[in-house]
Amino acid sequence: MIRIEHLSKKFGDLTVLKDITTDIKTGEVVSIIGPSGTGKSTLLRCLNLLEMPSGGSIYINGVDILDKNTDVAKIRQKMNMVFQSFNLFSHLSVMENLTLGPIKLKGMSKPAAQAKALELLRLVGLAEKAGNYPDELSGGQQQRVAIARCLAMEPEIILFDEPTSALDPTMIREVLAVIHRLAREGMTMAIVTHEMDFARNVSNRVLYMDEGLIYEEGAPEQIFEHPQKAKTRAFINRILSYTRRISSPDYDLYAMNAEIEAFCEKQILPKQTRNDLLLVVEELLQIYKPYLRTAVLDMTITYSEKTERLELICESTGEQANPLESERLTDDLGLMIIRNLTESIDYRWIDGKNRLQFLIKTNRP
Ligand code: ADP
Ligand code: MG
């Protein structure tokens with residue numbers, strides 16, 4: 001459906017897109033991931049001509065849209081975009097937001113546009129909000145209205161630019177659920193996202209962008225589980241896990257807790273689980289405290305939405321000994337708390353380090 005050949009984009013001297021070649025087939029869901037500043041938004045904006053590419057070609061169903069005679073408004077209808085910041089018209093009701101485009105740009109009659117709008121609002125779960133104004137809705141509801149408004153133009157493909165990054169975790173879920181539904185119904189979509197589990201579940205193909213290129217692309221299993229290239233691997237590992245090295249008893253506990261909370265939010269962990277994890281970490285750090293004068297502790301947290309496994313791994317240098325079996329710890333309250341909040345605790349001596357692996361309970365009532 002869409003073929004992109006040697007697409008490039010410069011802003012002045014800054015080359016943002018070097019040489020992008022790929023295609024998107026009808027019904028395909030393509031996720032675009034990668035560090036910020038690598039040109040993901042620019043690529044989407046070039047596709048629907050919000051930015052003029054510096055070079056290369058974009059074909060829709062064989063027609064070159066960079067041709068001078070292209071009707072830009074038509075292209076934007078065909079490749080409609082949903083932005084991070086919703087971009088609803090605040091002075092128009094939800095219904096008016098949805099009918100404006102179809103009436104003005106597609107020449108639809110008002111009753112027909114309204115009937116269609118209501119159907120789309122039902123699809124995104126917001127039919128009862130038709131008469132409300134955007135600022136009466138939550139962020140998640142506004143973004144679902146934005147998706148419905150996009151659908152009202154009957155696009156051939158929807159381009160999503162980080163549709164959930166301005167939202168709180170519960171709202172992220174409701175918006176992702178709507179996008180999932182569109183995917184099931186066969187909508188063609190390109191989605192820039194930082195929600196890795198979502199990208200893994202919803203996409204047929206994942207593009208990893210770096211250095212202004214599609215640095216690696218493949219099926220979700222390949223990109224997330226067996227990335228071939230070093231930069232892809234580093235990015236995936238960084239985003240799917242949290243690691244912190246603690247090399248002194250005077251580490252910054254507040255900064256660390258804030259980072260762990262941010263990680264949990266990104267993984268959309270329930271509050272209970274998040275609090276449990278923080279408590280386990282806190283109690284562990286108490287236990288490790290005497291070691292931290294001489295040893296280095298690496299803490300890694302990983303979560304898989306698929307298996308719902310939340311793991312905490314502590315690797316410490318020093319003599320071979322399980323820190324949880326120290327004599328000081330008989331009857332220790334902290335240790336009891338840790339045992340309570342974990343499914344299992346596994347100790348091993350690996351590569352000259354003491355490795356403790358905790359499986360945190362994730363479905364406590
Ligand atoms: P991403 O979406 O991957 O974070 P962007 O496409 O937003 O990356 O930006 C890529 C680079 O292009 C950044 O360095 C950004 O500063 C630059 N850039 C984006 N838009 C413009 C613009 N209109 N003018 C100048 N530089 C821009
Ligand atoms: Mg961006």
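Every number in this text was worked out from the coordinates using simple rules, so none of it is lab data. This one's a predicted model, so the numbers in the text were calculated from it and none came from an experiment. Please note: Cβ atoms are built from the backbone with ideal geometry, for glycine as well, and neighbour counts cover all protein chains shown.
Using the count of nearby Cβ atoms within 10 Å as a rough guide to exposure, how do D252, D19, D135 rank from fewest to most?
Going from least to most buried by this count: D135, D252, D19.
Once you charge only the Cβ atoms, +1 for Lys and Arg and -1 for Asp and Glu, what is the size of the charge dipole of the chain about its Cα centre, to the nearest 20 debye?
That gives the chain a dipole magnitude of about 1040 debye.
Pairs of alpha-carbon atoms within less than 8 angstrom and 6+ residues apart define the contacts here; what relative contact order does the chain have, in percent?
15 percent
How big, in percent, is the set of alpha carbon pairs in the range 219-281 lying more than 17 Å apart?
Counting pairs separated by more than 17 Å, the tail of P(r) holds 53 percent.
Mind jotting down the distance between the C-alpha centroids of the range 306-332 and the range 8-52, whole Å?
Between the Cα centres of the range 8-52 and the range 306-332 lies a distance of 45 Å.
Starting from the amide H of L207, placed 1.01 Å from N in the peptide plane, find each other amide H under 5 Å away whose residue is 5 or more places distant or on another chain.
When sequence neighbours closer than 5 places are left aside, the close amide H contacts are S31, I32, I33.
Provide the packing ranking of 139-149, 59-69, i.e. peptides ordered by the mean count of other C-beta atoms within 10 Å per residue, highest first.
Ranked from most to least packed, the peptides come out as 139-149, 59-69.
Where in the chain are the helices, taken as whole DSSP H runs, whose Cα atoms extend 18 angstrom or more along the long axis and whose Kyte-Doolittle mean reaches at least -1.0?
Helices passing the filter in the chain: 110-123, 139-152, 169-184, 253-266, 271-288.
What span do the alpha-carbon atoms of the chain cover on each of the three principal axes, reported in whole Å from largest to smallest?
Sorted from largest, the Cα extents of the chain read 80, 46, 33 Å.
Going by a ≥ b ≥ c, the root eigenvalues of the Cα gyration tensor, does the range 74-221 fall in the rounded group (a/c under 1.5), the prolate group (a/b larger than b/c) or the oblate group?
prolate
For the range 52-132, just say rounded, prolate or oblate: build the C-alpha gyration tensor, square-root its eigenvalues into a ≥ b ≥ c, call rounded for a/c under 1.5, and beyond that prolate if a/b exceeds b/c, oblate if not.
prolate
Mean separation of Cα pairs under 8 Å and 6+ residues apart, divided by the residue count of the range 225-365: what relative contact order is that in percent?
Reported relative contact order: 25 percent.
Which of rounded, prolate, oblate describes the range 132-188, given a ≥ b ≥ c as roots of the alpha-carbon gyration tensor eigenvalues and a/c under 1.5 marking rounded, otherwise prolate only if a/b is larger than b/c?
Verdict is oblate for the range 132-188.
For the chain, build the charge dipole from Cβ charges (+1 Lys, Arg; -1 Asp, Glu) around the Cα centre, then report which of I75, L253, S41 sits farthest towards its positive end.
Highest projection toward the positive end goes to I75.
Which one, Y59, P220, I4, is farthest towards the positive end of the dipole of the chain when Lys and Arg carry +1 and Asp and Glu -1 on their Cβ?
The residue sitting most towards the positive pole is Y59.
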